[in-house]
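Here the structure comes first, spelled out in structure tokens, and everything after it is commentary.
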Amino acid sequence: MTDERENGEDVTTPLLEIRGLSVSYRTRGGTVEAVRGVDLDVWPGQVTAVVGESGSGKSTTAHAITRLLSANGRIDAGTVGFGRHDLATLSEAELRTVRGARIGLVPQDPTVSLNPVKRIGDQVAEVLRIHGLATRRSAPAEAIAILDRAGLPDATVRARQYPHELSGGMRQRALIAIAIAAKPELIIADEPTSALDVTVQRVILDHLQRLTEESGTAILLVTHDLGVAADRAQRLVVMSQGKVVEAGSTRDILADPRDDYTRHLLASAPSLTAARPRTPVSIPEARTAPLVEVRNLVKEFRLPRTGDGPRTLRAVDDVSLTLHQGRTLALVGESGSGKSTTARLVLRLADATAGQILFNGTDVTTAKGAQARQLRRRAQLVYQNPYASLNPRFSIGEVITEPLRAFKVGDRASRLARARELLDRVALPTATLERRPAELSGGQRQRVAIARALALSPDLVVCDEPVSALDVSVQAQVLDLLAELQADTGVAYLFISHDLAVVRQIAHQVAVMRAGRVVETGPPEELFTRPRHDYTRELLAAIPGGRVPTPAAETTAS
């Protein structure tokens with residue numbers, strides 16, 4: 001097998017060569033075969049993308065390479081060739097010399113991957129010291145430089161903060177900084193941009209691309225975002241039900257997919273079908289008072305002391321919004337723009353510094369006790385991160401019925417029936433009720449989180465990046481589901497997303513936020529075709545799916 005590049009360089013041996021890889025998990029219901037006979041090659045200086053639906057085995061394949069499977073997972077067969085090593089048979093001591101130094105990993109979930117009691121800068125510096133790349137004195141400054149390279153704004157301030165003080169996108173960039181700190185030969189990126197807004201996503205992917213071009217670093221990119229794969233990968237590997245169903249040049253597969261499953265994925269990808277957005281359900285504006293009204297909202301946070309730097313951060317700055325029953329208002333903007341903080345203020349999960357929040361005409365800005373509890377029942381939240389929001393000790397049935405139990409709705413039988421109904425609506429089998437969150441993929445957990453939020457039939461659902469962890473086909477199902485529920489029940493959505501292609505499909509009104517302020521509002525068809533603000537135009541230009549991978553790095557395997 002050869003890799004022929006247009007610049008004349010001929011590479012006969014892949015950096016990573018997987019043959020016949022099979023992986024299974026032991027569960028209470030028996031053994032589950034997650035990966036079955038996978039063959040996969042990654043060459044230096046290339047981006048190889050592995051795409052497929054949630055549960056297809058793509059993340060399991062990535063984690064098996066460095067043997068970072070969960071405790072109930074095991075490699076049953078196959079080889080994982082990396083240089084002179086078969087990683088599938090190395091001892092733990094030998095693997096430690098490879099992980100971090102020669103292979104960097106960007107995990108999917110920053111919340112459980114970052115140490116919650118260590119500052120961000122210390123976690124990056126630790127990698128440098130462990131691999132002998134910096135001294136205790138020089139490591140802090142070098143860590144700040146790496147955080148800056150990874151696209152983290154105000155890296156000096158962020159280095160002194162703890163993970164919980166950063167947004168989801170900022171935490172993800174911190175993980176990317178840790179992965180690139182030792183300048184590894186191979187970076188395994190498991191959904192590295194799923195929590196990032198499109199502009200920062202572009203910065204990160206541009207940086208990873210420069211690594212491949214300048215130093216020959218290889219990237220194994222695991223993603224459900226076919227727009228990202230189409231833009232960045234020279235080779236595409238499509239997985240379904242633990243097997244590779246199609247592999248080859250990205251350009252060839254996008255132009256002429258041979259497998260029905262590949263065609264299905266391409267048809268479902270919103271970033272690749274932006275020219276024909278799904279039309280949101282048309283519901284007339286209510287003539288009565290809006291369901292939610294936000295007036296001149298302000299939220300300030302204290303910052304760690306950094307010499308003469310600012311002491312406070314104004315995360316939400318004079319924001320005013322209106323949302324009517326049966327409609328969807330989307331908040332878009334970069335990570336750290338204040339959109340998630342605004343949503344938390346609306347739900348009374350945080351106290352506003354100034355301003356007013358009205359729910360059905362009632363001032364809930366300082367709601368407490370019974371008033372706050374009533375608001376909890378009528379307004380639910382779908383968190384961005386399903387890993388951290390699901391109780392790991394609960395079965396999925398207990399997770400979904402927990403809100404019903406808390407508000408004493410129905411009896412045991414009716415709650416279970418409601419859980420079955422909700423699972424069906426979010427495209428999960430009934431058997432999922434008996435499983436635990438740890439036994440599900442990231443996308444499956446997010447679907448469970450959506451089902452739980454819908455259990456009480458609320459008036460308002462705040463969706464904080466609700467489909468960012470979902471593969472494109474399930475993403476389309478969930479967006480359809482949200483639209484159907486809205487048409488049936490009149491539920492209102494405050495929809496927070498960095499994915500403008502998704503926003504175009506779901507929203508009736510869009511508010512663009514930057515640095516805590518709303519810079520532009522309007523219906524999506526107007527914002528997408530006639531944006532007035534330069535920042536809105538910048539966001540639109542960064543939507544993935546319109547680029548072509550660099551031809552010089554493409555391969556023709558024979």
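The values are calculated or read from the model by the stated rules, or taken from the named source; none is laboratory data. Remember, it's a predicted structure, so these values are computed and weren't measured experimentally. Note: ideal-geometry Cβ built from the backbone for every residue, glycine included; neighbour counts use all protein chains shown. Remember, those area values only see protein heavy atoms, side chains included, never the ligands or the DNA or RNA. Shrake-Rupley method; radii C 1.70, N 1.55, O 1.52, S 1.80 Å.
Here are some notes:
- Each peptide among 173-180, 127-134, 525-532, 39-46 gets the average number of other Cβ atoms lying within 10 Å of its residues, and from highest to lowest they stand as 173-180, 39-46, 127-134, 525-532.
- Inter-part distance where the stretch 95-142 and the stretch 221-245 are each reduced to a Cα centre, Å: 28 Å
- Where a label projected 7 Å from the Cα of residue 164 along Cα→Cβ would reach, residues of the stretch 363-389 with amide N under 15 Å: 388-389
- Annotation: per residue accessible area for the chain equals 42 Å², rounded to a whole number [probe 1.4 Å, protein chains only].
- Pair residue 214, residue 431: separation of 7 Å Cα→Cβ label points (nm): 4.9 nm
- When shorter helices are ignored and each DSSP H run of at least 4 residues is given -39500 (n - 2.57), the per-residue value for the chain at 222 nm works out to -10000 deg cm²/dmol.
- Normalised by 2.2 N^0.38 Å, where N counts its residues, the alpha-carbon radius of gyration of the chain equals 0.97.
- Computed from the Cβ-Cβ distance with R0 of 30 Å, the FRET efficiency linking residue 405 to residue 438 stands at 0.85.
- Among the listed pairs 299/408; 118/339; 118/183; 339/368; 58/299; 58/118, those beyond 32 Å (Cα-Cα): 299/408; 58/299
- Portion, in percent, of the accessible area of the chain that falls on carbon or sulfur, probe 1.4 Å: 48 percent
- Alpha carbon Rg of the stretch 186-234, scaled by the compact-globule rule 2.2 N^0.38 Å: 1.05
- Potential lengthening of the chain between residue 398 and residue 349 amounts to 15.3 nm, from the contour at 0.36 nm per residue minus the alpha-carbon distance.
- The value of relative contact order for the chain, using C-alpha pairs under 8 Å at least six residues apart, is 18 percent.
- Charge tally in the Cβ shell below 12 Å around residue 378, where Lys, Arg are +1 and Asp, Glu are -1, residue 378 excluded: +3
- Length available on full extension from residue 289 to residue 318: 0.36 nm per residue minus the Cα-Cα distance, which gives 8.3 nm.
- Approximating the spin labels as points 7 Å out from Cα along Cα→Cβ, the residue 356-to-residue 183 distance works out to 5.9 nm.
- Neighbour net charge for residue 29 - beta-carbon separation under 12 angstrom, K R +1, D E -1: +2
- Summary of packing: across the peptides 158-165, 535-542, 497-504, the per-residue average of other C-beta atoms within 10 Å ranks them, highest first, as 497-504, 158-165, 535-542.
- Per residue, the convex hull spanned by the alpha carbons of the stretch 55-199 comes to 128 Å³.
- Virtual spin-label span in nm between residue 258 and residue 489, 7 Å along Cα→Cβ: 4.6 nm
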